[in-house]
Amino acid sequence: TRAKVRELSARACDIGRRLGDRWVTVKALIGPSIDDVVFGRPARARREGLKAIEYSRETGDPRGRSVGLYCLAFADVYGFDFAGATEDVEESIRLGLSPIDRITAETAKGLAFVYLERPEEGLPILRAVRDRIVQMGFAQLATIVDTGLPVGLILTGELSKGVKELEAFIDRYRALAPHFSALGHLTLGDVYMRLATGQSDVSLGALVRNAG
């Protein structure tokens, strides 16, 4: 349960602080933030991510700031502050001390560019990240990437293909992990809202040509 996630994160954080293990402490601090992102609570995810940044100030160790910033970036993406996400993520990539931390930050960057309707920048990042995380077996991050890639397709005019991929994502996780399925619904809803309200710069002609 989510309460158990917080309990275990708090225990791990206490152990890390007691042993002076900054890496364990940082990872424990961001656990609730990642949980909040996945379960669609971006404001709470941001508050939790800030704890890692504060810990970095206490210790002078850049790891807390690096991972805290990518937590903020994901919170911004799913809180629809896409420009804010791009500001946080560049420093996170620069400070990242492990391949996983850098890849996670790059995922947030790719998503932010896609949602900013800059798919020509976001799609190559997400595709490169997905190749790497499949090789690493980083399944949880793959689910996040798999919501961004279809949006990029839609924004480049491939409406039918992008929507079908999002619907397939929702069906795939409906029983396996309903929270990821909900993330797919959130993403698809945002796409439809943009198209219905004229907020998207996608060419109507391009959508019609690719609608079949």
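Worth a mention:
- Checking 211, 206 one by one, the residue that is modelled with pLDDT under 75, farther than 19 Å from residue 40 by Cβ and surrounded by 13 or more Cβ atoms within 10 Å (Cβ to Cβ) is 206 and no other.
- Of all residues in region 138-173, those being without any contact (Cβ under 8 Å) to a residue 12 or more places away in the chain and crowded, with 19+ Cβ neighbours inside 10 Å number 0.
- Total residues in region 5-44, condition in contact (Cβ under 8 Å) with a residue 60 or more places away in the chain and open to solvent by 70 Å² or more (accessible area, probe 1.4 Å): 1
- Helices (runs of 4 or more DSSP H) contained entirely in region 45-137, each with at least 3 residues that are of a type in the set (A, V, I, L, M), in contact with a helix residue (DSSP H, G or I) (Cβ under 7 Å, 6 or more places away or on another chain) and open to solvent by less than 10 Å² (accessible area, probe 1.4 Å): 62-78, 99-115, 119-136
- Among the residues listed as 162, 157, the single one being closer than 23 Å to residue 121 by Cα, touching a Gly at 6+ places or on another chain (Cβ under 9 Å) and not in a helix (DSSP H, G or I): 157
- Residue that is under 12 Å from the mean Cα position of the chain (by Cα), of a type in the set (A, V, I, L, M, F, W, C) and over 16 Å from residue 116 (Cβ atoms), where the choices are 77, 38, 89, 67: 38
- Yes/no for residue 2 being among the charged types (D, E, K, R) and without any contact (Cβ under 8 Å) to a residue 24 or more places away in the chain: no
The values are calculated or read from the model by the stated rules, or taken from the named source; none is laboratory data. For clarity, every value in this text was computed on a predicted model and none was experimentally measured. Ideal geometry is used to build each Cβ from the backbone, glycine not excepted, and the neighbour counts take in all protein chains shown. Ligands, DNA and RNA are excluded from the accessible area calculation, which covers all protein heavy atoms including side chains. Shrake-Rupley method; radii C 1.70, N 1.55, O 1.52, S 1.80 Å.
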